[in-house]
1. If we keep just the residues of the range 16-50 that are surrounded by 10 or more Cβ atoms within 10 Å (Cβ to Cβ) and of a type in the set (D, E, K, R), which is modelled with the lowest pLDDT?
2. Name every residue in the range 1-11 that is assigned to a helix (DSSP H, G or I) and either under 15 Å from the mean Cα position of the chain (by Cα) or loosely packed, with under 10 Cβ neighbours inside 10 Å (or both), in order of residue number.
Amino acid sequence: MHADVHHLLHTIGSAELHSRAGEFRLPRTGLRTRVGWTLVEVGLRLTAQGRDTAAPRTASFHPA
């Protein structure tokens with residue numbers, strides 16, 4: 001692939017990714033708030049991973 005074509009495709013792809021990322025960007029906030037939300041996200045990911053690997057906890061029901 002010619003270097004100019006490769007550069008053009010990279011530029012277009014990069015611009016598209018930046019615009020799509022802008023949809024999910026939170027408004028500019030303080031450092032404490034951003035760190036807090038990052039920790040919440042990490043915690044949610046860790047608990048979701050824990051659920052996938054652990055056996056499901058279900059109550060056993062034995063009719064009498």
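The values are calculated or read from the model by the stated rules, or taken from the named source; none is laboratory data. Computed from a predicted structure; not experimentally measured. Backbone-built Cβ (ideal geometry, glycine too); neighbour counts: all protein chains shown.
1. Of everything passing the filter in the range 16-50, 34 is modelled with the lowest pLDDT.
2. Once the filter is applied, which keeps residues that are assigned to a helix (DSSP H, G or I) and either under 15 Å from the mean Cα position of the chain (by Cα) or loosely packed, with under 10 Cβ neighbours inside 10 Å (or both), the range 1-11 yields 3, 4, 5.
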